[in-house]
Amino acid sequence: MTAATLNNGHNASTSTLLPTLSLIGAMASLCVGTSFAKSLFPEVGAQGTTAYRIVIGAIILLAFWRPWRFPLTRQNAAKIALYGVTLACMNLLFYMALRTLPLGVAIAIEFTGPLTLAVVLSRRAIDFVWIGCALAGLILLIPTGQSVHDLDPEGIAYALGAAVCWALYIIFGKMAGNVHGGQATSLGLLAAAMVALPVGAAHAGMALLDPKLVLAGIAVGILSSALPYSLEMVALRRLPQKTFGVLLSMEPAMGALAGVIVLNEHLSQTQWLAICGIIVASAGCAATAQRSRKRPAPKKPGA
């Protein structure tokens, strides 16, 4: 085996590992931030909390990335605008669902968006094995002591709307993937802020300017927007859409764990089993994606 072969194998492994770890870090930060954000609902509502999350995240990323330094075509600007508007709608609908739904249930319902996208884009039998594991885990993750009929219909509708936006977010994020990652994320959040801020201000009013709430909002903005969306853009640029979609199956598990730590929620043995199933699905997807990347591409004649 030559040194070139060893280097190629190492580079392939590294190119898969970095976006996978970036996505895991994004999900962990997002779940902790969402758990903390729910405590702000009594003060500024779901709409005001969404405004905090997106506006503060946008300010931080704009200051850090200074996206005006990079050239931007009208076509790419339109893609980023779609990405940002979808991002605002997804966050607003999800936070509206959290008003009446448990965190684990809301995340599980919202995840039907990327899971459906993963099913549509899948072509290999092994992909359906991991999707099946993720789906089984999601079903088990829903609290068994609570009937579907006991869940708030309005909350379910908001969560389903967030699911549709999540699938579109993946698609539009991938479309904007040819733009510099920091530029796409910061400008995308700026577009999202133009949607979320008027909605939040109309609901919460001057309460958004309370210094104590602003400090809490800064924490929400960092944990729920600035950090996870930067890491997600790294993953979106380097992972196939179906791989990205199935890897996101870890988020309901991380949300359940965040609920235990932050919200003092208690999980049953069945729900812990669901977490294991979802982690198996995510790990299996990552492993098969790495092997497919290691296969050498056919060379052109004369190359």
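Does V119 meet the test of being assigned to a helix (DSSP H, G or I), under 24 Å from C276 (Cβ atoms), modelled with pLDDT under 90 and open to solvent by 30 Å² or more (accessible area, probe 1.4 Å)? Yes.
Looking at A274, A286, just one residue is modelled with pLDDT under 75, open to solvent by less than 90 Å² (accessible area, probe 1.4 Å) and aliphatic (A, V, I, L, M), and that residue is A286. Contact annotation: no residue pair with Cβ atoms under 8 Å, 6 or more positions apart or on different chains, pairs a residue in the range 85-102 that is closer than 14 Å to L197 by Cβ with a partner that is in a loop (DSSP other than H, G, I, E, B). Scanning the range 176-220 for residues that are in a helix (DSSP H, G or I) and of a type in the set (D, E, K, R) gives a single hit, K212. Only residues that are open to solvent by 10 Å² or more (accessible area, probe 1.4 Å), hydroxyl-bearing (S, T, Y) and either more than 15 Å from the chain's Cα centre (by Cα) or modelled with pLDDT of 80 or more (or both) were counted in the range 216-271, giving 2.
Looking across G57, G113, G104, one residue alone is assigned to a helix (DSSP H, G or I), under 18 Å from the mean Cα position of the chain (by Cα), closer than 22 Å to I261 by Cα and modelled with pLDDT under 90. It is G104.
Sort out which residues of the range 195-215 are open to solvent by 80 Å² or more (accessible area, probe 1.4 Å) and over 20 Å from C89 (Cβ atoms), and write them in order of number. Within the range 195-215, M206, L209, P211, K212, L215 qualify.
Whenever a residue of the range 107-129 is more than 30 Å from M96 (Cβ to Cβ), its partners that are open to solvent by less than 20 Å² (accessible area, probe 1.4 Å) and of a type in the set (A, V, I, L, M), lying with C-beta atoms within less than 8 angstrom and at least six residues away or across chains, give the pairs S122/I131; D127/A118; D127/V246.
State whether one or more residues within the range 60-82 are open to solvent by less than 20 Å² (accessible area, probe 1.4 Å), in contact (Cβ under 8 Å) with a residue 40 or more places away in the chain, in a helix (DSSP H, G or I) and touching a Phe, Trp or Tyr at 6+ places or on another chain (Cβ under 7 Å). Looking through the range 60-82, none of the residues is open to solvent by less than 20 Å² (accessible area, probe 1.4 Å), in contact (Cβ under 8 Å) with a residue 40 or more places away in the chain, in a helix (DSSP H, G or I) and touching a Phe, Trp or Tyr at 6+ places or on another chain (Cβ under 7 Å).
The rows are residues; the columns are (1) farther than 14 Å from G173 by Cα; (2) in contact with a His (Cβ under 7 Å, 6 or more places away or on another chain); (3) of a type in the set (S, T, Y).
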site	(1), (2), (3)
R74	yes, no, no
Y83	no, no, yes
A88	no, no, no
A97	yes, no, no
P102	yes, no, no
F111	yes, no, no
V119	yes, no, no
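Only a single criterion out of (1) modelled with pLDDT of 95 or more; (2) closer than 12 Å to I54 by Cβ is not satisfied by A201, namely (2).
The values are calculated or read from the model by the stated rules, or taken from the named source; none is laboratory data. This is a predicted model, so every value here is computed, not measured. Ideal geometry is used to build each Cβ from the backbone, glycine not excepted, and the neighbour counts take in all protein chains shown. When the accessible area is computed, the model is the full protein with side chains, heavy atoms only, and any ligands, DNA or RNA have been set aside. Shrake-Rupley method; radii C 1.70, N 1.55, O 1.52, S 1.80 Å.
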